[in-house]
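Notes to accompany the following structure.
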Amino acid sequence: MIPAIYFDGHASHATRVHVWRDDAMLRWRRTDRAREWDVPLASVEPSARVTGLPFVLHLANGAHLQIEHDLLPDDWFPRHHRLERLVDWLERRWVAALVSVVIVVVSLLGLFEFGLPWAADRIATRLPHALETSMGRQSLVALEGRLLLPTTLGPARQAHLQAVFRHFVDGVPGLPVVELKFYASPAIGANAFALPDGSIVFTDALAKAVPDDQAFLAVIAHELGHQAGHHMLRQVLRSSGVFIVAGMMMGDVTSLGGVATGIPMFLIDSHYSRRFEEDADAFAFRTLAQRDIDPVAFVHAMQALQRAHPELKGGTGLRYVSSHPLNDQRIARANEASRRYQANRQAPSSR
Ligand SMILES: [Zn+2]
């Protein structure tokens, strides 16, 4: 017999009773045995099992029996709420609870690790061009006078590099409209970067460090790779967090303001993912070879930068090297691209 509390559905007071099952009947009687009741078990409507709450057996006419959760035998209502019984079983087992927590945490990590980049990439490559243009302009305006100061390169040097740049990009098919802009920038040192509007910003320090036009073009080709792959926008969106990305997916254009301020922040203390750098390198090697320039020029540019500023190795003055880490693998790939280029040149024409 199981202790329970009986409410008859009319009076509000509770009666202490004992309940038991007698085949197909449910019986209960007052603890002082002064009165006894019974109903067919099949007519009883049990409540859902919820750990920590008393179990309620609904009877006819609003009467009900209340039983401590743990006391109800499983075989009284064996087929009822099978799912609830499973949930109840799970709730009682802390291992299951712990596993659920782990699953939730892993899902969240997966969302940040893969879901966010995926969403950021979709947005970055589907934004209307006019929006990309306005974001690039906004960030350039935010940078000018602060990080980016008027260039100190002589007019002849500028004109020469502009001509070399124009001649190069005009021969590369499939590029968006691009524009080369020179700035003095003690803050970001020898650096170049591609903004979403098609601007390629090139600092005076970098222009002075490149040993020749081919090394200059090697850096340009790498930046064109970032440009063609929308890398700046993708990287900034990836690092601006869930809310901006989610906002933009919902069509909230004001989130763009957050992206425009994210670009200067990116330039000061962030860098592209390794994957983007590899993509930009591959683009550069391919494009240089197509324009009949040996991809080894990229290695020359990097080496010249380090030679020109040995005292700045790893420091902020060498941003192009520190935000584009020069490692053996990249040099090996550039040299490999160079060998392929040489081999293609020396191969006799099939025509
Ligand atoms: Zn890069």
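The values are calculated or read from the model by the stated rules, or taken from the named source; none is laboratory data. Since we're looking at a predicted model, the values are computed, not measured. Every residue, glycine as well, gets a Cβ built from its backbone with ideal geometry; the counts of neighbours run over all protein chains shown. The protein model used for the area step is the full one, side chains on, heavy atoms only, and it has no ligands, DNA or RNA in it. Shrake-Rupley method; radii C 1.70, N 1.55, O 1.52, S 1.80 Å.
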Does region 92-113 contain at least one residue that is more than 23 Å from the chain's Cα centre (by Cα) and touching a residue at least 12 places away in the same chain (Cβ under 8 Å)? yes
Six or more apart or on different chains, Cβ atoms under 6 Å: show the pairs whose first residue is in region 217-235 and assigned by TED's automatic domain parsing to the domain that holds Val296 and within 22 Å of Gln138 (Cβ to Cβ) and whose second is outside any helix (DSSP H, G or I) and more than 10 Å from the ligand (Cβ to nearest atom). Glu223/Ile200; Met232/Pro196; Leu233/Pro196
Any hit, region 291-314, residues being among the charged types (D, E, K, R), farther than 24 Å from Val236 by Cβ, modelled with pLDDT under 90 and part of a loop (DSSP other than H, G, I, E, B): yes
Please work out if Arg275 is within 13 Å of the ligand (Cβ to nearest atom), open to solvent by 20 Å² or more (accessible area, probe 1.4 Å), modelled with pLDDT under 65 and in a helix (DSSP H, G or I). no
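A quick yes/no check of all residues on (1) more than 18 Å from Leu206 (Cα to Cα); (2) open to solvent by 80 Å² or more (accessible area, probe 1.4 Å); (3) touching a residue at least 12 places away in the same chain (Cβ under 8 Å):
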| site | (1), (2), (3) |
| --- | --- |
| Ser139 | yes, no, yes |
| Leu143 | no, no, yes |
| Leu148 | no, no, yes |
| Thr151 | no, no, yes |
| Pro155 | no, yes, no |
| Gln158 | no, no, yes |
| Ala163 | no, no, no |
| Asp170 | yes, yes, no |
| Leu175 | yes, no, yes |
Subset tally (residues that are more than 12 Å from the ligand (Cβ to nearest atom) and small (Gly, Ala, Ser)) for region 187-225: 9
Pull up region 19-56, narrow it to residues that are among the β-branched types (Val, Ile, Thr) and either buried (at least 17 other Cβ atoms within 10 Å of the Cβ) or closer than 22 Å to Leu86 by Cα (or both), then point me to the one that is modelled with the highest pLDDT. Val19
Working only within region 185-208, note down all residues that are hydrophobic (A, V, I, L, M, F, W, C), in a strand (DSSP E or B) and in contact (Cβ under 8 Å) with a residue 60 or more places away in the chain. Ala192, Phe193, Val201
If Phe182 satisfies every condition in (1) in a helix (DSSP H, G or I); (2) surrounded by 15 or more Cβ atoms within 10 Å (Cβ to Cβ); (3) of a type in the set (Phe, Trp, Tyr) but one, which is the exception? (1)
Which numbered condition Ala228 misses (of (1) modelled with pLDDT under 90; (2) surrounded by 19 or more Cβ atoms within 10 Å (Cβ to Cβ); (3) within 13 Å of the ligand (Cβ to nearest atom)): (2)
Some residue of region 87-103 being modelled with pLDDT of 80 or more, surrounded by 12 or more Cβ atoms within 10 Å (Cβ to Cβ) and in a helix (DSSP H, G or I): yes
If I filter region 1-18 for residues that are closer than 26 Å to Arg93 by Cβ, modelled with pLDDT under 80 and in contact with a strand residue (DSSP E or B) (Cβ under 6 Å, 6 or more places away or on another chain), do I get at least one hit? no
